Each structure stands twice: as C-alpha cells, then as structure tokens.
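All of the numbers you see were taken from the coordinates with simple rules; none came from a lab. What you see is a predicted model, and the numbers here were worked out from it, not measured in a lab.
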Amino acid sequence: MAVTFGSARDEAAWRAAGSPELTTDRPTESTEPGPERILSIDNPSLTLQNISELPTGKDALKRRLEELWRRSPNSAGADRAGYLWQTAVDLMTAPIRPDTRAALYRVLADQPGIEAEGEATDALGRTGVALSSSAEGAVFRLIIDPETAELLEYDVMDKGVTQLRVALADMGFTDGLRERP
C-alpha cells in the first residue's frame, strides 16, 4: 500500500513524530465489504471506496471527468461548466490523493470562465487564493490554501447576496463518532 502526504508540512510532522507506522496488514472488524458511499449525486459511480483510483495526470483526469459528465443522470440540459465546478468541490472535500488534487486544479485552470481573484479571507479568518466562476448572475467561489492546496471555503453569491458559505475547519477520517480528524 502506498502512503502519500497532503503536504510537505504533513510529512515533516509525521517524521517529527518518529515516523510511526501508518498502515497495518491486520484484518478489519468485518471481512464483508461495506456499503458504497456515493461521493456526489451527479456522479453515482464515484464513491469514497474508488476515488483513490482517479487519474493523477491532468489529461487523464479531464477525460475521466468528461466520461462522468456523459454518464451523469443530471447532464441533460445542465451546464457542463457548472457540473465540473460542483464535481471539483465534491472531490476537494473528499480524501483524494495529492497528485489527483493537483491534476484537478490544472483541469479547472484550463476551463474558460474560471478566474483567479487573488488573495481572499475565508469565514474563519484564514487567507487563501480565490477562484471563481459565474453563471446566470450567480458567482461560485473557492478559497484554497496556497501552501497545502486544501479547500478552505466555498461560497455562492447571487446578485451580490451570499446564498451559501461553507468554511471547512478540518477534514479527515476518525475511528469513532465525536472524534475530530
């Protein structure tokens, strides 16, 4: 099993902690496969169990996202740019590999209508880099930490009024309820 880190800072923290073992070969509590956890309504074939299989190169990821668009139950009559934007948000809030995340940013950068807004502050006071896209009077914005490439916030404004603002304080998995990642 390959182990990757979200950033150089994460790897340095792991090394500072004495490089503890990150994986085990012991069996889990159940040998039965659990239910598939669908990551996105627009992409029912994209699950938490299979997102690690997403391509890590820009061109291959772009082809995979195009395939998902064609298979999406909501693609008929929908805006492809809006679909890509929402799928990107879904993937950025999921545990994708760092190289897949980098490829996703490159795919987004090539899309017409996506603008770099420069430095922005999220609802928690953190500074990041903002990307935005607009459609029919609505502005969709992502604020990304430039050092870790983690999504800090996504928001939607319609005619200058904030409709949705989600700041992500922490993301990850835990072994139990009420435990922080």
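Label the range 37-112 by shape, choosing from rounded, prolate and oblate, from the square roots a ≥ b ≥ c of the eigenvalues of the Cα gyration tensor; if a/c is under 1.5 it is rounded, and otherwise prolate applies when a/b is larger than b/c, oblate when it is not. Provide the component values of the computation, followed by the final result.
On the way: a/c = 1.71, a/b = 1.13, b/c = 1.51.
The shape class here is oblate.
Normalising by the residue count of the range 37-112, find the relative contact order in percent from Cα pairs under 8 Å and 6+ residues apart. Don't jump to the answer; show the numbers that get you there.
Values: 70 pairs, mean separation 30.1, N = 76.
In percent, rounded to a whole number, it is 40.
Relative contact order for the range 115-181: what percent, with Cα pairs under 8 Å and sequence separation of 6 or more?
Numbers: 121 pairs, mean separation 14.2, N = 67.
Rounded, it is 21 percent for the range 115-181.
Using Cα pairs closer than 8 Å and at least 6 residues apart in sequence, work out the relative contact order for the chain, in percent.
On the way: 223 pairs, mean separation 24.9, N = 181.
Over the chain, the number comes to 14 percent.
Taking H placed 1.01 Å from N in the peptide plane, check which residues at least 5 places from SER45 or on another chain put their amide H under 5 Å from its amide H.
Amide H neighbours of SER45, under 5 Å, 5+ apart: none.
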